[in-house]
Amino acid sequence: MKKKLMPVVIGLGLLGLAGCGNGEDGSSDSENGSGETEFGEVLATSDAGDVTVDDVLNNIGTTQVANQTFQLTLDQVLQDKYSDEVDPAEIEEEVDAEIEQYGGEEQFEMMMSQQQPGMTADRYKQQRIASTYHNLFFTEQFDITDEEAMEGSAEGAHILIAVDEESEDGLSEDEALEKAEGLIADIEDGADFAEVAEEESDDGSASNGGSLGLVTEGQMVEEFENALFDLEQGEMTSEPVETEFGYHIIQRGDEEDIDEELEEVKSQLVNQKVQENPDQVLTFYQDLMDEYSVSFENEEIESYIQETFLTSEEAASEGEESGEGEESGEGEESSDAENTEEADTEEPAADDESAEDEEAESEE
């Protein structure tokens with residue numbers, strides 16, 4: 001059985017929260033005051049007949065309707081479960097700040113539409129809010145602690161002195177190494193690492209004092225990563241670290257006040273664990289549906305959701321094996337019955353032969 005789980009989990013709320021996806025901006029001209037559109041059962045009438053909501057849903061197809069039904073139900077339940085832990089207004093403010101960094105809403109939406117056609121700023125905000133609820137749920141279910149998230153992470157900063165022997169103003173390898181060694185000496189003599197990074201680093205992180213935030217294992221090239229993770233908190237490399245990009249002066253942060261970045265690392269761990277443990281995710285979903293007494297009223301939708309999102313591969317395999325066993329058993333019973341019938345039909349023939357023998361003997 002092919003699972004449809006991954007698109008739902010990877011999207012983590014792509015459809016937005018229940019009640020927020022009525023239009024591109026989550027609003028409609030015919031709202032009932034609660035932000036939800038009142039469609040009614042009949043959408044159009046004509047001399048040829050009516051067009052109903054059922055007509056539209058049947059045209060969309062059971063599979064898609066069931067997928068969206070499950071997604072919206074899941075979003076709604078998680079929103080209720082973690083309502084005290086999430087501030088949607090705060091998330092919207094964070095997105096607004098991101099939009100400004102990209103040069104405004106128009107520029108932001110152009111960039112987003114290249115990755116996800118049709119994506120708007122408002123829909124992106126709803127996606128981020130929904131993702132926050134989902135991440136909280138899976139972080140709790142997988143019991144991902146701060147300690148676990150930090151095991152393969154380190155707060156890093158660096159100053160890059162690039163090697164560029166082709167351009168007129170570029171540095172040769174020897175010149176870049178010499179410059180990096182000189183900057184290390186300056187910092188060890190008291191110069192501020194962040195200020196040196198802003199003035200001298202050839203990396204985009206220079207504007208942020210060389211800060212890279214939390215670096216997770218596998219994120220950087222091997223030479224850089226090994227050097228960073230070998231450092232103690234607050235320590236800086238005593239020698240430049242050479243990579244394909246040039247020479248780096250690497251500093252490990254004290255890893256304090258990183259709550260926001262820690263949540264990003266937890267989110268990465270969530271996605272990893274979801275991909276690695278799909279059957280466990282299905283169990284989490286089933287428990288959540290039971291906790292909230294969720295009932296899918298349409299039998300076809302209920303059957304599809306149960307099979308696709310709430311039944312593990314192992315359980316499905318056991319069910320299939322059980323079904324095959326039952327069919328096999330029925331076949332055996334049928335064979336036994338046929339054998340019995342054959343035996344019954346053969347017995348009278350044997351009696352006839354016995355009677356003929358008796359007659360022959362009496363004639364003799």
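Among the candidates 253, 213, which residue alone is at positive phi and either assigned by TED's automatic domain parsing to the domain that holds residue 135 or of a type outside the set (S, T, N, Q) (or both)? Before you say what the answer is, go through the steps one by one.
Details: 253 fails: at positive phi.
Result of the check over 253, 213: 213.
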Sole exception among (1) under 30 Å from residue 227 (Cα atoms); (2) touching a Cys at 6+ places or on another chain (Cβ under 7 Å) for residue 126, by number
(1)
Which listed residue is farther than 30 Å from residue 282 by Cα, over 39 Å from the mean Cα position of the chain (by Cα) and of a type outside the set (Phe, Trp, Tyr), from 177, 160
177
Could you tell me whether region 197-212 includes any residue that is surrounded by fewer than 12 Cβ atoms within 10 Å (Cβ to Cβ) and closer than 30 Å to residue 91 by Cα?
yes
Kindly list the number of the only condition in (1) surrounded by fewer than 20 Cβ atoms within 10 Å (Cβ to Cβ); (2) among the charged types (D, E, K, R); (3) in contact (Cβ under 8 Å) with a residue 40 or more places away in the chain that fails for residue 174.
(3)
So which residues in region 180-199 are without any contact (Cβ under 8 Å) to a residue 60 or more places away in the chain, farther than 17 Å from residue 254 by Cβ and outside any loop (DSSP other than H, G, I, E, B), if there are any at all?
181, 182, 185, 186, 188, 195, 196, 198, 199
Within region 143-164, is even one residue at pLDDT below 95, out of contact with any helix residue (DSSP H, G or I) (no Cβ under 6 Å at 6 or more places or on another chain) and more than 28 Å from residue 261 (Cα to Cα)?
yes
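Mind checking which helices (runs of 4 or more DSSP H) fall wholly inside region 76-171 and carry at least 3 residues that are among the acidic types (Asp, Glu)?
Details: elements: 88-101, 105-115, 121-141, 146-151.
Ranges flagged: 88-101, 105-115, 146-151.
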What residue, among those in region 278-297 that are in a loop (DSSP other than H, G, I, E, B) and in contact (Cβ under 8 Å) with a residue 40 or more places away in the chain, is surrounded by the fewest Cβ atoms within 10 Å (Cβ to Cβ)?
292
Restricting to region 58-96, name every residue that is over 27 Å from residue 129 (Cα atoms) and either among the aromatic types (Phe, Trp, Tyr) or crowded, with 16+ Cβ neighbours inside 10 Å (or both).
none
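The values are calculated or read from the model by the stated rules, or taken from the named source; none is laboratory data. Small disclaimer: the values here were computed from a predicted structure and weren't measured. In this analysis, Cβ positions are derived from the backbone assuming ideal geometry, glycine residues included, and neighbour counts consider all displayed protein chains.
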